[in-house]
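Below: the structure, in C-alpha cells.
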Amino acid sequence: PRAAMLLHKLVPLLCLAASAQALMPNTRLVGVPAITPRAGPVVMNSNPIVEFFEKMIPQMRRKPSIEEAIALCRDPESSGCDVDMLEMIPKHRLDLERQAAARMD
C-alpha cells in the first residue's frame, strides 16, 4: 500500500517533468532558427498633417507688405500689428520723402 501511494504521487510528477522539458529554451529542432526573422517597421513616405504645417510655416514667417502693415497698425487696438510693422511704417515714409526730394533736385 505504501509503495502504491508513492507510485501514485511519483507518476504525475514524472509526467509533469517530462512535459516541462518540452518548454525549455534549449530543446529545439536541429536546423530551425531560434528566432524567426520578421519584417521591418512600416515607414510612411509622407504625412499630410506634417506637410500642411510645413506649407503654413513659411507663410506665417512672411514679411508683410507696407500696405498690410499700414492697414493692421491703423487701429491702436489691433492684434495683428507687431513691433516690426511699427518700425516699417516710419522707414517707408522716410524713404518716400527721400524719393520725393530726389525728384525735386
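Since every read-out is calculated from the coordinates, none of them should be taken as a lab result. Since the model is a prediction, treat every value here as computed from it, not as a measurement. Glycine gets a Cβ as well: all are built from the backbone with ideal geometry, and neighbour counts include every protein chain shown.
Here are some notes:
- Measuring r between the beta carbons of SER79 and GLU54 and using R0 = 25 Å, the FRET efficiency lands at 0.45.
- Extension gain, LEU14-SER46: 0.36 nm per intervening residue step, less the Cα-Cα distance, totals 5.6 nm.
- A crude spin-label estimate for the pair LYS63 and GLU87, with each label 7 Å from Cα along the Cβ direction, gives 1.1 nm.
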